[in-house]
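Written out below as structure tokens is the structure these notes cover.
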Amino acid sequence: MNEVLLAAHAVDPTLETFENDIWWISLFKLVLLFVVLLLLTLFTINYERKVVARMAVRPGPNQVGPNGWLQSLTDGVKLPFKEEIIPKTADKVVYFIAPVISATVAFTAFAVIPFGGVVNMFGHQTALQLTDVPVSVLVLLACSSMAVYGVVLAGWASGSTYPLLGGLRSSAQMISYEVAMGLSIVAVFMTAGTMSTSQIVAAQASGEPVNIFGIDLTAPGWYAVQLLPSFIVYMIAAVGETNRAPFDLPEAESELVGGFHTEYSSFKFALFFLAEYINMITVSAFCTTLFLGGWRAPWPITAVWEGANAGYFGLIWFFLKVFALLFGFIWLRATLPRMRYDQFMRFGWKVLIPVNLVWILFLAYFKVARSGELSSEVRWISTGAIAVIVLAIAWGWPAKKTQRKLSIEEELAHRPPGSFPVPPMDLQVPPSPRARRAVAERAPATVGGDSETKEV
């Protein structure tokens, strides 16, 4: 009876579902998750190269395997066998631990990501998720925080200037944008009422009924629509958190050669490469879970197909959403130029974080007003009035005054006495009197030595 129910309808897992898992099923899911992440990394590398090549109107990888799809596999096999070069000034222990930290944390973050509902696996009922705890979202934030240690230690342990600058840049950047990312997730906590990833997906299964001026409507279930400002801030912070272009300032080859992993090669460089792409997949999967309904199919499909979310079909919808977000990462890299570092940090601290705080206060007021004694009309009017006031303040906020640029004549007039002489502004240097005298005393030269009428 349970198998028939699972085949026809989606069943959301609970915390008790993971407590009842058999140990060998949990081990099987762990190994399967590890293999899936490795395959996803190889796919994402080739996916990025092909998409960027398509946007740049060039072939891209097309030699190894069918249509070039095995190129990243050969690169992954080749890297561990390349010669490893370790700087003499490097701290050997920390130099080795840094890439291990980055790769381990990247794999650990996927342990609480739900890929689907409860399914039948080898005759036992289990969820398509390794584990879940009441504070799973905090586990993901902790893993992203630990990733900073691998980058900073790699830059410091290399014993070189450019990796150290890249590590310091990366630590400041990741911490700054992690604050904005954490604040964007607070809105999800407030709306869902839980920090469990599986329960957040369940909370987006259907929209809540809303009464606007006596009209009964159903709000969209996805938090990307309900909490649109949080979704936008999360997407921007995710790009900055993963050091992806146009926010790849810690790895800016025009400034820092290669950033924090300049002195790494062979297998250790492969670990950093692996961690970078898994982090990109992780933030995409996290965004899918928090804002895009997780493993559930979008509304048009569920309206015409009742069993769209049943069984293993959730894997299809989940990975389609992840691949769509990965395409967004690649699109940004192929489109936007790299920002200046001070502009990037100013944008995180002075724009994203204040906007997030104002949005959270606005959402908190809306939640309190909705649960209070206010009528629907008063609640919506007061909410709209607050929104208008906030927008008016943001629009009328005094901008930074820029000083008028002085003309060349004004700059020359304001020069202090005793300054160095200024060359002519018309870029015409007068000829030297000595050169004129030498030219005047020189005898005219005859060209050719013969008359021009002589026949040759």
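Pull up the cross-link candidates among the lysines for LYS350, meaning alpha carbon to alpha carbon under 27 Å and not fewer than 8 places away within one chain.
Answer for LYS350, where 27 Å is the Cα cut-off: LYS367, LYS400, LYS401, LYS405, listed by chain and number.
Among the lysines, which have Cα under 26 Å from the Cα of LYS29 when same-chain residues fewer than 8 positions away are ignored?
Excluding near neighbours in sequence, the set is LYS321.
Starting from a Cα-only point model with no solvent, please compute log10 I(q)/I(0) by Debye for the range 1-138 at q = 0.17 1/Å.
Debye intensities relative to I(0), on a log10 scale: -1.04.
Need the list of lysines near LYS268 for cross-linking: C-alpha distance under 20 angstrom, and skip anything on the same chain fewer than eight residues off.
The reachable lysines, counting only those whose Cα sits under 20 Å from LYS268, are LYS78, LYS82, LYS88, LYS92.
By how many nm would the segment from ALA205 to ILE393 grow when fully extended, if each residue of separation counts as 0.36 nm and the alpha-carbon distance is taken off?
64.0 nm
Report P(r) for the range 114-196: all Cα-Cα distances, bin width 10 Å, range 0 to the bin holding the largest distance, values in whole percent.
That works out to 15, 30, 25, 19, 9, 1, in percent per bin.
Averaging over every viewing direction, what projected area does the convex hull of the Cα atoms of the range 30-89 cover, in nm²?
That works out to 6.7 nm², a quarter of the Cα hull's surface.
I'd like the Kirkwood hydrodynamic radius of the range 262-381, using the inverse of the mean 1/r over distinct C-alpha pairs, in Å.
18.8 Å
Under a 1.4 Å probe, what is the accessible area of the range 1-104 per residue, stated in Å²?
Result: 65 Å² of accessible area for each residue.
Rounded to a whole number, what % of the accessible area of the range 20-79 do carbon and sulfur atoms account for, probe 1.4 Å?
Carbon and sulfur atoms account for 71 percent of the accessible area of the range 20-79.
Let me see the pair-distance distribution of the range 262-305: every alpha carbon pair, 10 Å bin width, integer percents in order.
25, 28, 22, 16, 8, 2
Provide the per residue accessible area, probe 1.4 Å, for the range 129-192, rounded to a whole number of square angstrom.
Here the residues of the range 129-192 average 35 Å² of exposed surface.
Based on the inverse mean of 1/r over its pairs of different Cα atoms, what is the Kirkwood hydrodynamic radius of the range 105-158, in Å?
Over the range 105-158, the inverse of the mean reciprocal pair distance is 13.1 Å.
Distance in nm between label sites at MET55 and PHE327, each 7 Å beyond Cα in the beta-carbon direction?
A separation of 1.3 nm, rounded to one decimal place.
The values are calculated or read from the model by the stated rules, or taken from the named source; none is laboratory data. Only a predicted model underlies this, so the values are computations on that prediction, with no experimental measurement involved. A quick note on method: Cβ atoms are made from the backbone with ideal geometry, for glycine too, and the neighbour counts reach across all protein chains shown. Heavy atoms of the whole protein, side chains included, go into the accessibility calculation; ligands, DNA and RNA do not. Shrake-Rupley method; radii C 1.70, N 1.55, O 1.52, S 1.80 Å.
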